[in-house]
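Here the structure comes first, spelled out in structure tokens, and everything after it is commentary.
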Amino acid sequence: MADAPVIEIAGLQKRYASVDAVRGLDLQVPRGSIFGFLGRNGAGKTTTIKMLLGMARPSGGSARVFGLAADAPHASVEIRRRTGFVSEDKELYDFMTVDDLVRFTAPFFPRWRRDLEERYRRTFELRGDMKVKTLSRGMRTKLALLLALCRGAELLVLDEPTAGLDPAVTEEVLQALVGHVARDETTVFFSSHQIAEVEQIADRIAIIDRGRAVLTGALDDLRDNFRRVQLVFDREAPQTTFRAAGVARVRRQGRVLTVVTSGGAEPILDEARALGPVSVDVAPVTLKDIFLETVATED
Amino acid sequence: MLWYKAWLETRWRFAIGLAILMVSACGLVFAYPQVARLMPLASTIEARGEIGRRVQEAVQLSREYHGYIWSQWFRQNLIQMWTVFAALLGAGGLLSQASGGAALYTLSMPASRARLLVVRAAAGLGELLVLAIAPSLLIPLLSPAVGDSYSVVDAIVHGACLFLGGAVFYALAVLLSTIFADIWRPLLISLAVAVVMALGEMFVRDVWPHGIFSLMNGEAYFRTRHVPWAGLIVTTAAAAALLYGAAVSLAQRDF
């Protein structure tokens with residue numbers, strides 16, 4: 001069981017009235033990974049997270065965390081006992097102080113880390129008598145992160161943890177997160193549409209679009225395998241389809257034909273040369289390119 | 001620690017209610033000598049209809065201190081203000097937090113939704129019990145200051161009738177709070193239901209003398225010294241049913 005995925009999602013669906021927020025999502029998050037869950041606004045990231053934590057009920061499919069069914073009320077309580085969570089809007093109780101919130105939260109978690117609480121209070125400059133309603137968005141995020149990290153959780157679920165923060169605070173939050181994970185070997189599942197931060201800390205990613213995972217894998221593998229092959233012709237680029245596996249997108253613009261492939265460049269090079277281009281250029285692609293190409297393919 | 005949160009959430013509503021009721025109870029006791037002096041003039045009041053009958057009845061009851069306390073405090077001031085605070089304390093909760101976003105933090109705690117609701121309801125009911133009993137106990141305490149006395153047992157029995165009879169309005173507000181995401185609709189609908197029931201009860205009392213407000217003011221105990229157990233069991237069961245409905249409604253919610 002040690003190698004079993006922490007999160008297993010199969011065919012997960014969520015329908016709100018006439019809107020399909022999640023449409024048959026399949027996903028596995030390995031233990032110990034920092035898993036970036038990328039997608040545009042409204043792609044279904046937050047809805048998926050809510051279903052994992054029992055805040056919304058799936059319309060179909062299954063979601064298991066630590067091997068427990070996320071939609072079973074008793075199992076959901078156990079999942080939350082072992083999970084730290086930061087919501088997208090970082091809303092906490094405005095009528096409490098920092099001390100009140102810690103006093104409220106800590107007793108729920110038998111493995112509450114007093115040592116980390118002290119450390120993060122100092123690092124984030126959070127005084128106990130500060131009223132939550134007077135905190136800036138950045139300070140609120142730091143407090144939410146403190147409350148999640150100190151739970152002694154095996155899994156951290158973070159929904160857009162750096163949304164709305166300035167670059168300095170974003171960096172501070174990400175460093176705290178990476179430092180924590182390195183020390184405590186926690187699994188992190190975080191959603192974002194900030195590609196740079198995903199690239200900075202994630203080792204695995206999934207790209208979700210319109211409620212479905214359109215790409216999953218180890219970030220290094222994706223970087224190694226995704227290639228852009230650009231063919232330049234001395235005439236109008238021909239309209240063609242490639243038989244090789246892994247072709248993610250083909251775009252024609254005048255005399256240029258651009259092919260993005262997820263299976264490396266080699267399998268399509270013979271086909272490409274057979275079209276008679278005057279030049280063939282193979283280039284690696286960034287995560288941003290992968291994201292844009294993958295999501296654009298779905299349009 | 002859910003208790004702690006429930007207390008922090010409602011403490012100001014509770015404290016304001018307690019302060020208003022305490023001041024009102026003090027004012028009522030210390031006004032009695034003045035009321036007693038005006039009694040000879042009261043016989044000249046000419047009143048018609050149900051309201052007139054109630055005014056005349058209040059005058060009659062106020063000729064002696066025990067009747068004055070029941071008609072002015074337990075039948076009017078306390079019951080009206082307590083019902084408002086019952087609806088006020090019942091309104092709010094997870095769904096209204098959801099519109100502010102903090103509900104997700106509550107829901108991320110390892111506690112079932114049923115437990116969240118039970119703790120909140122129990123904290124609110126505890127506060128309402130204090131609001132029913134504490135100001136009423138002030139009356140026996142202060143009565144010697146105006147040269148009268150009032151039984152502690154009577155104060156507790158009337159307070160308990162108010163609490164057990166009126167908990168249904170609190171439970172209704174809790175149930176409505178699992179349906180509406182703001183605090184105003186549960187509050188206003190609960191109060192509207194209370195007003196309609198009070199008016200209905202006033203005008204059909206000759207036909208049906210067992211209304212919820214006469215149960216809450218302990219009229220049977222005042223007139224016959226018998227505690228209306230059957231009525232109190234019915235209202236308590238109704239309140240429990242409404243709270244159960246609230247738990248079911250909350251369990252089915254998506255946030």
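The values are calculated or read from the model by the stated rules, or taken from the named source; none is laboratory data. Since this is a predicted model, take the numbers as computed values, not measurements. Neighbour counts are summed over all protein chains in view; Cβ atoms, including those assigned to glycine, are modelled from backbone coordinates with ideal geometry. We work out accessible area using only protein heavy atoms, side chains counted, and drop any ligands, DNA or RNA first. Shrake-Rupley method; radii C 1.70, N 1.55, O 1.52, S 1.80 Å.
Counting, for every residue in B:112-118, the Cβ atoms of other protein chains within 10 Å of its Cβ and taking the mean gives 2.
Among the protein heavy atoms, those of A:GLU271 account for about 40 Å² of accessible surface (1.4 Å probe, every chain in place). For B:SER151, the accessible area of its heavy atoms, probed at 1.4 Å with every protein chain present, is near 50 square angstrom.
Look at where the Cα atoms of segment A:16-55 and of segment A:97-149 average out, and the two centres are 27 Å apart.
Between Rg and the Kirkwood Rh of segment A:154-299, both from Cα atoms, what is the Rg to Rh ratio?
Details: Rg = 18.6 Å, Rh = 17.2 Å.
Here the Rg-to-Rh quotient is 1.08.
Lysine pair count for segment A:7-218 (Cα-Cα distance under 25 Å; residues 8 or more apart in sequence or on different chains): 13. Averaged over the residues of peptide A:100-111, the number of Cβ atoms from other protein chains lying within 10 Å of each residue's Cβ is 3. Contact residues in segment B:207-255 by the 20 Å² criterion (accessible area, 1.4 Å probe, full protein complex versus chain alone): B:GLN252, B:ASP254, B:PHE255.
Order the following by accessible area, largest value first: A:ARG273, A:ARG228. Probe radius 1.4 Å; ligands, DNA and RNA are ignored. Kindly include the intermediate steps, with their values, before the conclusion.
Details: A:ARG273 135, A:ARG228 60 Å².
Descending order: A:ARG273, A:ARG228.
Each residue was assigned an accessible area with a 1.4 Å probe, and for A:ASP71 the value is about 90 Å².
Here the convex hull built on the C-alpha positions of segment A:226-296 has a volume of 77 cubic angstrom per residue.
Considering only Cα atoms, the convex hull volume of segment A:111-220 works out to 120 Å³ per residue.
Taking the Cα centre of chain A as origin and charging only Cβ (+1 Lys, Arg; -1 Asp, Glu), how large is the dipole, in debye to the nearest 20? Let's see the in-between values first.
Details: 42 positive and 42 negative charges, 134 e Å.
It works out to roughly 640 debye.
Averaged over the residues of peptide A:84-93, the number of Cβ atoms from other protein chains lying within 10 Å of each residue's Cβ is 5.
The residues of the protein assembly as shown expose on average 44 square angstrom of accessible surface per residue, using a 1.4 Å probe on protein heavy atoms. Share of pairwise Cα-Cα distances greater than 28 Å in segment B:1-147 is 39 percent (whole percent). The rule of thumb for compact globular proteins, 2.2 N^0.38 Å, goes into the C-alpha radius of gyration of chain A 1.15 times. Measuring r between the beta carbons of A:ARG114 and B:VAL227 and using R0 = 45 Å, the FRET efficiency lands at 0.30. For the protein assembly as shown, the residue among B:GLY231, B:GLY166, A:PRO30 whose Cα projects farthest onto the positive side of the dipole built from Cβ charges is B:GLY231. How many percent of all Cα-Cα pairs in chain B sit more than 29 Å apart? Within chain B, distances greater than 29 Å cover 35 percent of Cα pairs. Against the criterion of solvent-accessible heavy-atom surface with a 1.4 angstrom probe, B:TYR221, B:TYR4 sort, most first, into B:TYR4, B:TYR221.
What net charge is computed for the residues neighbouring B:GLY90, neighbours being all others with C-beta under 13 Å from the C-beta of B:GLY90, Lys and Arg scored +1, Asp and Glu -1?
On the way: positive: B:ARG13, B:ARG120, B:ARG185; negative: B:GLU9, B:GLU127.
Neighbour charge sum, excluding B:GLY90 itself: +1.
Start at zero, step by 5 Å, and the Cα-Cα distances of segment B:74-223 spread as 2, 9, 16, 18, 16, 13, 10, 7, 4, 2, 1, 0 percent across the bins. The contact residues of segment B:1-15, meaning those that lose at least 10 Å² of 1.4 Å-probe accessible area when all protein chains sit together rather than their chain alone, are B:MET1, B:LEU2, B:TYR4, B:LYS5, B:LEU8, B:GLU9, B:ARG11. Computed over the alpha carbons of the protein assembly as shown, Rg followed by Dmax gives 32.8, 117 Å. Taking the 1.4 Å solvent-accessible surface of the protein assembly as shown as the whole, the part contributed by carbon and sulfur is 58%.
Once you charge only the Cβ atoms, +1 for Lys and Arg and -1 for Asp and Glu, what is the size of the charge dipole of the protein assembly as shown about its Cα centre, to the nearest 20 debye? Write down the numbers at each step before the final one.
Working: 59 positive and 55 negative charges, 178 e Å.
Using Cβ point charges on Lys, Arg, Asp and Glu, the protein assembly as shown gives about 860 debye.
For segment A:140-298, the dipole from Cβ point charges (+1 on Lys and Arg, -1 on Asp and Glu) about the Cα centre works out to 520 debye, to the nearest 20.
Membrane-span-like helices of chain A, defined as complete DSSP H segments with a Cα extent of 30 Å or more along the helix axis and a mean Kyte hydropathy of at least 1.0, are absent.
Helix-only arithmetic for chain B: the sum of -39500 (n - 2.57) across DSSP H runs with n ≥ 4, divided by the residue total, places the mean residue ellipticity at 222 nm at -25500 deg cm²/dmol.
May I ask for the Rg/Rh ratio of segment A:85-131, computed from Cα atoms with Rh as the Kirkwood radius, given to two decimals? Display every interim value, and only then the final one.
Values: Rg = 11.1 Å, Rh = 11.6 Å.
Using Cα coordinates only, the ratio equals 0.95.
Using Cα pairs under 8 angstrom and six or more residues apart, how large is the relative contact order of chain A, in percent? 19 percent.
Are there any helices in chain B, counted as whole DSSP H runs, that stretch 24 Å or more along their axis by Cα and score at least -1.0 on average by Kyte-Doolittle, and if so which?
Values: long enough: B:2-42 (55 Å, 0.91); B:113-142 (44 Å, 1.62); B:152-177 (36 Å, 1.98); B:184-203 (28 Å, 1.63); B:229-251 (33 Å, 1.70).
Correct list, ordered by number: B:2-42, B:113-142, B:152-177, B:184-203, B:229-251.
The convex hull drawn around the Cα atoms of segment A:117-157, when projected onto a plane and averaged over every direction, covers 3.1 nm². The tail of the calculated P(r) for segment A:44-152, taken as Cα-Cα distances beyond 19 Å, holds 49 percent of the pairs.
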